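Scroll down for the structure; my scribbles are underneath it.
Taken together, the values in this text are just the output of simple stated rules run on the coordinates, not laboratory data. All values reported here derive from a predicted model rather than from experimental measurement. All Cβ positions, glycine included, derive from the backbone under ideal geometry; neighbour counts span all protein chains shown.
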Amino acid sequence: MERPRNARFWVPLIGLHTGMRLNEICQLDTTDICPIEGIQCIVVSEASKIGSIDKILKTGASQRIIPLHQNLLEGGLLQYVDEQRRAGKTKLFEEIDPGTKGIRAVAFSKWFTQFLRACGAYRERTCYHSFRHNFRDELRAARIDHDIAMALGGWTAGTGGRGGASENYGFGHQVQALKGAVDALKFTDISAKKLFAT
């Protein structure tokens, strides 16, 4: 029996492979996954090509481009995006309830915590945000350049020799450099074949 490929399938996998905050993923438009310089990427932005006005970001640094990891490409994310577009959907995960305040992450976070409990994986400090911490650890393990790591995660560079006025110079990182960093993440404790098995 084939597993359903919906928000409950894709949102955790996108979080694992991109380090995106939960609401950043839950509020994605179908147009936010697109090729940039020939590389399939997720565009994290409050802007919307389709006129959505419900997208919010935590900080200015949160606006970024994240190339898709090879696991997501091989796992069929682009096919899922295409299915949503062909069905006339504007949100990538329209089934996620935006709630009274328009924050889609609230409903998904509740479900995910219940899911962790049901799987026996729940711990006091384990939650959806753990994917973001894991992503940062993977960047460190792969020895990704600090500036590129900060750009991918949408983190501010901070101080202590890193950050300051110099952060405002230049035009950012080439998409090819970001893609190289993303593909360097091996997730050695995870079997992509098992993750994406039908």
message = Can you list residues from other chains, or at least 5 along the same chain, whose modelled amide H is less than 5 Å from the amide H of Asp29?
response = Leu92
Greater than 31 Å apart at Cα, pairs in Lys91/Lys179; Lys49/Lys186; Lys101/Lys179 = Lys49/Lys186; Lys101/Lys179
task = Give the distance, in whole Å, between the Cα centre of segment 73-120 and the Cα centre of segment 42-61.
result = 16
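To the nearest µm²/s, what D does Stokes-Einstein give for segment 7-189 at 10 °C and 1.306 mPa s, using the Kirkwood radius over alpha carbon pairs as Rh?
Result for D is 92 µm²/s.
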query = What list do you get for Thr188, Thr31 if you sort them by fewest beta carbons within 10 Å?
reply = Thr188, Thr31
